[in-house]
Amino acid sequence: MSLPPSVTKIKKDGLEFVSNVDRCSYTMKELCRAALRDVGKFVCKRFRQSYYSHFKRKKGNVGRFTQYWVKHKYEDYPSLQVGVKPNAFYGGFQELGSSKTEKLGLLSSAVQDNIAEIVKIESQYLSALEDEAEALSIISDDDYEGNGEE
(Lines give C-alpha, C1' and ligand atoms only; values in the text may rest on other atoms or scores of the structure.)
Protein backbone atom coordinates (compact mmCIF):
# COMPACT_ATOMS: atom_id res chain seq x y z
CA MET A 1 0.00 0.00 0.00
CA SER A 2 1.53 3.32 -0.98
CA LEU A 3 1.52 6.41 1.15
CA PRO A 4 -1.00 9.12 0.31
CA PRO A 5 0.21 12.53 -0.77
CA SER A 6 2.18 13.83 2.16
CA VAL A 7 1.13 17.45 2.02
CA THR A 8 -1.42 19.77 0.54
CA LYS A 9 0.11 23.17 -0.15
CA ILE A 10 -1.87 26.36 -0.63
CA LYS A 11 -0.06 29.61 -1.44
CA LYS A 12 -1.73 32.97 -1.15
CA ASP A 13 -0.17 36.41 -0.72
CA GLY A 14 3.25 34.96 0.15
CA LEU A 15 1.77 32.74 2.86
CA GLU A 16 2.02 28.99 2.48
CA PHE A 17 -0.40 26.62 4.21
CA VAL A 18 0.69 22.98 4.47
CA SER A 19 -1.78 20.29 5.52
CA ASN A 20 -0.67 16.78 6.60
CA VAL A 21 -4.12 15.55 7.57
CA ASP A 22 -4.29 12.78 4.93
CA ARG A 23 -0.91 11.39 5.89
CA CYS A 24 -1.70 11.47 9.61
CA SER A 25 -5.03 9.72 9.04
CA TYR A 26 -3.32 7.06 6.94
CA THR A 27 -0.63 6.50 9.58
CA MET A 28 -3.19 6.12 12.35
CA LYS A 29 -5.25 3.58 10.38
CA GLU A 30 -2.18 1.57 9.46
CA LEU A 31 -0.94 1.50 13.07
CA CYS A 32 -4.36 0.29 14.19
CA ARG A 33 -4.32 -2.44 11.54
CA ALA A 34 -0.82 -3.55 12.53
CA ALA A 35 -1.79 -3.66 16.21
CA LEU A 36 -4.91 -5.70 15.45
CA ARG A 37 -2.87 -8.08 13.32
CA ASP A 38 -0.52 -8.81 16.22
CA VAL A 39 -3.44 -9.18 18.64
CA GLY A 40 -5.01 -11.70 16.26
CA LYS A 41 -1.80 -13.72 16.13
CA PHE A 42 -1.53 -13.63 19.92
CA VAL A 43 -5.13 -14.74 20.53
CA CYS A 44 -4.84 -17.62 18.02
CA LYS A 45 -1.64 -18.76 19.71
CA ARG A 46 -3.19 -18.67 23.21
CA PHE A 47 -6.28 -20.49 21.97
CA ARG A 48 -4.17 -23.30 20.53
CA GLN A 49 -2.23 -23.61 23.79
CA SER A 50 -5.39 -23.79 25.89
CA TYR A 51 -7.14 -26.10 23.41
CA TYR A 52 -4.39 -28.67 23.23
CA SER A 53 -3.77 -28.56 26.99
CA HIS A 54 -7.51 -28.99 27.69
CA PHE A 55 -7.83 -32.28 25.81
CA LYS A 56 -5.62 -35.20 26.76
CA ARG A 57 -5.67 -36.58 23.26
CA LYS A 58 -5.98 -34.68 20.02
CA LYS A 59 -9.63 -34.26 19.04
CA GLY A 60 -9.75 -32.95 15.52
CA ASN A 61 -7.82 -30.01 14.17
CA VAL A 62 -9.71 -27.10 15.66
CA GLY A 63 -6.47 -25.35 16.58
CA ARG A 64 -5.29 -25.56 13.01
CA PHE A 65 -8.55 -24.07 11.74
CA THR A 66 -8.42 -21.00 13.99
CA GLN A 67 -7.93 -17.80 12.04
CA TYR A 68 -8.03 -14.02 12.41
CA TRP A 69 -9.25 -11.39 9.96
CA VAL A 70 -8.42 -7.68 10.06
CA LYS A 71 -11.18 -5.92 8.13
CA HIS A 72 -10.49 -2.41 6.90
CA LYS A 73 -11.47 -1.77 3.29
CA TYR A 74 -15.09 -0.72 3.57
CA GLU A 75 -15.08 0.60 7.12
CA ASP A 76 -13.81 3.82 8.62
CA TYR A 77 -11.84 2.01 11.30
CA PRO A 78 -10.23 -1.42 11.12
CA SER A 79 -11.74 -4.28 13.10
CA LEU A 80 -10.52 -7.70 14.17
CA GLN A 81 -12.38 -10.99 14.01
CA VAL A 82 -10.93 -14.16 15.49
CA GLY A 83 -12.77 -17.38 14.90
CA VAL A 84 -12.88 -20.93 13.69
CA LYS A 85 -13.05 -21.67 9.97
CA PRO A 86 -16.04 -23.64 8.64
CA ASN A 87 -13.87 -26.75 8.13
CA ALA A 88 -13.68 -27.22 11.91
CA PHE A 89 -17.33 -28.21 12.18
CA TYR A 90 -17.21 -29.55 15.72
CA GLY A 91 -15.06 -26.64 16.86
CA GLY A 92 -18.11 -24.40 16.88
CA PHE A 93 -19.97 -26.90 19.03
CA GLN A 94 -17.07 -27.05 21.48
CA GLU A 95 -16.90 -23.28 21.70
CA LEU A 96 -20.61 -22.45 21.93
CA GLY A 97 -22.07 -25.77 23.06
CA SER A 98 -25.09 -27.63 21.78
CA SER A 99 -27.80 -29.87 23.14
CA LYS A 100 -25.32 -32.76 23.41
CA THR A 101 -22.06 -30.98 24.21
CA GLU A 102 -21.21 -28.54 26.94
CA LYS A 103 -19.98 -25.03 26.25
CA LEU A 104 -16.20 -24.86 26.67
CA GLY A 105 -15.65 -21.27 25.54
CA LEU A 106 -11.92 -21.70 25.05
CA LEU A 107 -11.63 -18.94 22.46
CA SER A 108 -13.53 -16.39 24.50
CA SER A 109 -11.61 -17.32 27.65
CA ALA A 110 -8.33 -16.99 25.73
CA VAL A 111 -9.29 -13.37 25.08
CA GLN A 112 -10.70 -12.59 28.53
CA ASP A 113 -7.76 -14.10 30.39
CA ASN A 114 -5.22 -12.10 28.39
CA ILE A 115 -6.74 -8.62 28.27
CA ALA A 116 -3.70 -7.08 29.95
CA GLU A 117 -1.38 -8.53 27.30
CA ILE A 118 -3.71 -7.37 24.51
CA VAL A 119 -3.69 -3.83 25.90
CA LYS A 120 0.11 -3.98 26.07
CA ILE A 121 0.34 -5.02 22.40
CA GLU A 122 -2.06 -2.26 21.33
CA SER A 123 -0.22 0.39 23.35
CA GLN A 124 3.13 -0.50 21.76
CA TYR A 125 1.76 0.42 18.36
CA LEU A 126 -0.33 3.40 19.34
CA SER A 127 2.47 4.95 21.39
CA ALA A 128 4.42 5.14 18.10
CA LEU A 129 2.13 8.00 17.05
CA GLU A 130 4.47 10.35 18.91
CA ASP A 131 7.29 9.74 16.44
CA GLU A 132 6.44 9.60 12.74
CA ALA A 133 9.64 7.78 11.74
CA GLU A 134 9.00 5.06 14.30
CA ALA A 135 5.38 4.75 13.16
CA LEU A 136 6.37 4.30 9.52
CA SER A 137 8.98 1.69 10.44
CA ILE A 138 6.37 -0.39 12.33
CA ILE A 139 3.82 -0.36 9.50
CA SER A 140 4.31 -3.22 7.06
CA ASP A 141 2.18 -4.68 4.31
CA ASP A 142 2.18 -8.21 5.73
CA ASP A 143 -0.81 -10.45 5.68
CA TYR A 144 -3.81 -9.13 7.55
CA GLU A 145 -5.52 -12.46 7.39
CA GLY A 146 -3.95 -15.55 8.73
CA ASN A 147 -3.97 -18.48 11.03
CA GLY A 148 -1.80 -16.88 13.72
CA GLU A 149 1.33 -18.90 13.10
CA GLU A 150 4.57 -17.00 12.94
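The values are calculated or read from the model by the stated rules, or taken from the named source; none is laboratory data. Please read all numbers here as calculations on a predicted model, not as lab measurements. As a convention, Cβ positions derive from the backbone with ideal geometry for all residues, glycine included, and neighbour counts pool all protein chains shown. For the accessible areas, the whole protein counts, side chains as well, though only heavy atoms, and no ligand, DNA or RNA atoms are used. Shrake-Rupley method; radii C 1.70, N 1.55, O 1.52, S 1.80 Å.
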Test result for Leu106, more than 18 Å from Leu36 (Cβ to Cβ), among the hydrophobic types (A, V, I, L, M, F, W, C), at pLDDT 75 or above and open to solvent by 80 Å² or more (accessible area, probe 1.4 Å): no
Any pair with Cβ under 8 angstrom, 6 or more apart, that starts in the stretch 98-109 at a residue that is free of Cβ contacts under 8 Å to residues at least 24 places away in the same chain and ends at one that is outside any helix (DSSP H, G or I): Lys103/Gly97
Output for the stretch 24-46, where each listed residue is farther than 17 Å from Lys120 by Cα and open to solvent by 50 Å² or more (accessible area, probe 1.4 Å): Cys24, Ser25, Met28, Lys29
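Conditions tested, residue by residue: (1) open to solvent by 80 Å² or more (accessible area, probe 1.4 Å); (2) at pLDDT 90 or above; (3) assigned to a helix (DSSP H, G or I); (4) β-branched (Val, Ile, Thr).
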site: Tyr68; (1), (2), (3), (4): no, yes, no, no
site: Leu80; (1), (2), (3), (4): no, yes, no, no
site: Gly83; (1), (2), (3), (4): no, no, no, no
site: Gly91; (1), (2), (3), (4): no, no, yes, no
site: Glu102; (1), (2), (3), (4): yes, no, no, no
site: Tyr125; (1), (2), (3), (4): no, no, yes, no
